[in-house]
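One structure is given here, and the rest of the page talks about it.
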């Protein structure tokens, strides 16, 4: 859950920073190694690529959220999974049909594997 939450928060922060710099005519200065105000702003191609990569990482983690919530070991973990789901929905919108199917498949597979592993029994250490 921590990895998924970090991924989506990092993606959103990068998008917010990128939009802020675009709206305020800030451009990377290779000499000073920082963003500075300019009369001739240009798109930050490096950040655009980085944001796309961050979004891909977050989207790859998204199908695990339902399964993580379903198999959470306690109430706190279940709430954390729900929080992650809400973050993803707020940032990326509702999951696509493909993502929903991947999530469902992962959860069903986990249920099957758990029942085979436990052979119908619950083991506690």
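The values are calculated or read from the model by the stated rules, or taken from the named source; none is laboratory data. Since the structure is predicted, the reported quantities are computational estimates derived from the model, not experimental observations. Cβ atoms come from the backbone with ideal geometry, glycine included; neighbour counts cover every protein chain shown.
Would you mention how many residues in the range 95-116 are surrounded by 10 or more Cβ atoms within 10 Å (Cβ to Cβ), at pLDDT below 85 and farther than 13 Å from residue 71 by Cα?
Total meeting the criteria: 0.
Yes or no: residue 47 touching a helix residue (DSSP H, G or I) at 6+ places or on another chain (Cβ under 7 Å), more than 23 Å from residue 1 (Cβ to Cβ) and touching a residue at least 24 places away in the same chain (Cβ under 8 Å)?
yes
Can you tell me how many residues in the range 11-33 are surrounded by 14 or more Cβ atoms within 10 Å (Cβ to Cβ) and either part of a helix (DSSP H, G or I) or out of contact with any strand residue (DSSP E or B) (no Cβ under 9 Å at 6 or more places or on another chain) (or both)?
The number of residues fulfilling the criteria is 8.
Mind telling me which of the residues 80, 59 ends up being at pLDDT 95 or above, over 12 Å from the mean Cα position of the chain (by Cα) and crowded, with 16+ Cβ neighbours inside 10 Å?
80
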